[in-house]
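Colleague: Here's a structure for you.
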Amino acid sequence: MVIECVCCDSRIDSTNRRPFHSIAMRLFVSARRNICLLASGYICNSCRMIFLKWRSNSEFVNVLNHLEEESNENIIDHDHKNDNENFESAVETSTDEPIDTNTVLLPLNVAVSSHRLGLSNKVLTTMFQFSNPMAVSRTLSIVREALSSEFVPQYLGFQSISRQDVINIYSSPLATRLLSEDMNTVVLVADGTYLYLQKSRNNEFQRHTYNLHKHRSLVKPMLITTKTGYILEAYGPYLSDSSNNDAAMQKDILIKNKSGILNWIHDHDIIVVDRGFRDSVGLMRALGLDVCMPDFLNGRHRFDALEANRSRFISKIRWVVESANARIKHFKWLNQTIQNSTIPQVRDYLRIACALVNAYRSPAISSFMNDDIIVTKMLENLHESNLLCVRINDEILRWVDGDASQLVKFPVLSMDQIRTITVGVFQLKQARSYCEEHCSTTHLDNRADFPLQICANDPQLIRIRFKSRHSNTKTYHAYISFST
């Protein structure tokens, strides 16, 4: 019997073979082969020596040791397979016969109305004049299966789009220039989101889906997008107990090579993540990815200027995955509390929503007109120290109360200019909340409590005091230095 190496396909004899069983070795072979690995097999001594050299990298040797020791049983996802019933006759029409548009459009309209508007079967029965809710349920099931098998694979998944198309069409020059000098590098952004569930009378399932942070039952999908917001893949949904944080989900995706992600990415591709992925950074680097993640304070009160600027680089890029999460929540079926009876369909509806967003919505970033100017400015300021902070800490400044009438020379900025400074819209939304709180009045005092102070030493330096949104006892000062 001829025995071949699972890594290089060379023939090996009984004295030149080693068993193929460890997780780290399977990860090594999966990253280099575009095949489905068997549960058992053999690897030749040459490939084993390459593996040992690869594994000895000091940066991630502890990660690989941990992977071999930990059990994969605590990482559970709900990948429900479609039913095996034959439904093609209900959705296919012969090309030789005229198409009855009602046969195609009516079921599709019912499904989209349910998904997009979150309507119940009873409401859909009345709207589309069905005989009973069960007929609506059967229609939704058929359309869901048809879309999952025919529509979703064309617009979602690493098999649906080539790497070169992502570089040419769905990449942002801003992200590539900020993070890499190679324009053929792919920048991916990963993050998880929440889908809320009803409480379950199944105690085990309730424990696995109850989230201590949100204090309610939920499951967590994981999205991977490009820099323009195009959704490359939607994983999960995963259970939401302590065993399934963002890092654990990312490990599960990479170790199992889900959707062929390891065959799609190349060495030194960049993945942008938040701090919740910190425990998976070693694994991602082991697979050749360059990881961009904000720094940690590690007991300090604030970042230094360089760390803060690097975090702004990441924020400038990472917001698109939050935009993608918000877009799929526009489908109210996913944004409202999901009934327990429909939990097996959550994965299908999630993937259908992502495919519809990719197919029919414009990218989150569609204009790169000012990217060169923004990138140049950000790179120039990367290593600059925070001169305003140094001045405030070192100089003795006197402050006097003032109002807006004294700031006639303060620059007037457009919303686009402000969004560029704040690196997105999150801070603008928070600013509205702060203003509403400080400008609210009572019957006892109708004065807006939003004090503006002007520096007596320098009239082009101002500060504003505002309350913390978390604690009544804390207040902060925002300092602004401007020129005319």
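Throughout, read-outs are computed from the coordinates displayed, never taken from laboratory work. Quantities reported herein were computed from a predicted structural model and do not represent experimental measurements. Cβ atoms come from the backbone with ideal geometry, glycine included; neighbour counts cover every protein chain shown.
Colleague: What does the highest-first list of 460-473, 280-293 look like by mean Cβ count within 10 Å? Each step should come with its number before you reach the end.
Modeller: Working: 460-473: 13.0, 280-293: 19.4.
So the order, starting with the most tightly packed, is 280-293, 460-473.
Colleague: Set the Förster radius R0 to 22 Å, insert the Cβ-Cβ distance between residue 436 and residue 405 as r into 1/(1 + (r/R0)^6), and round the FRET efficiency to 0.05. Write out the running numbers ahead of the final one.
Modeller: Details: r = 22 Å, r/R0 = 1.01.
It comes out at approximately 0.50.
Colleague: Here's a follow-up. Which of the three applies to segment 137-254, rounded, prolate or oblate, going by the alpha-carbon gyration tensor with a ≥ b ≥ c and a/c under 1.5 meaning rounded?
Modeller: Numbers: a/c = 3.16, a/b = 1.49, b/c = 2.12.
Oblate shape, in that a/c is at least 1.5 and b/c is the bigger or equal ratio.
Colleague: Let me ask something else about it. Given the pairs 220/251; 316/429; 220/316; 251/329, which are separated by over 19 angstrom at their Cα positions? Write down the numbers at each step before the final one.
Modeller: Working: 220/251 15 Å; 316/429 16 Å; 220/316 24 Å; 251/329 25 Å.
Checking Cα-Cα distances, 220/316; 251/329 exceed 19 Å.
Colleague: What does the charge count around residue 355 come to, taking other residues whose C-beta lies under 13 Å from its C-beta (Lys +1, Arg +1, Asp -1, Glu -1)?
Modeller: On the way: positive: 144, 327, 347, 351, 361; negative: 150, 233, 348.
Neighbour charge sum, excluding residue 355 itself: +2.
Colleague: Can you give the FRET efficiency for residue 412 and residue 52, using 1/(1 + (r/R0)^6), R0 = 60 Å, r = Cβ-Cβ distance, to the nearest 0.05? Before the final figure, lay out each step's value.
Modeller: On the way: r = 64 Å, r/R0 = 1.07.
E(calc), rounded to 0.05, equals 0.40.
Colleague: Under 5 Å between amide hydrogens, which residues at least 5 positions from residue 185 or on another chain qualify, with H placed 1.01 Å from N in the peptide plane?
Modeller: Correct list: empty.
Colleague: At a 10 angstrom cut-off on C-beta neighbours, averaged per residue, how do the peptides 130-141, 410-421, 320-331 rank from highest to lowest? Provide the component values of the computation, followed by the final result.
Modeller: Details: 130-141: 16.2, 410-421: 10.5, 320-331: 19.7.
Top to bottom by mean Cβ count within 10 Å: 320-331, 130-141, 410-421.
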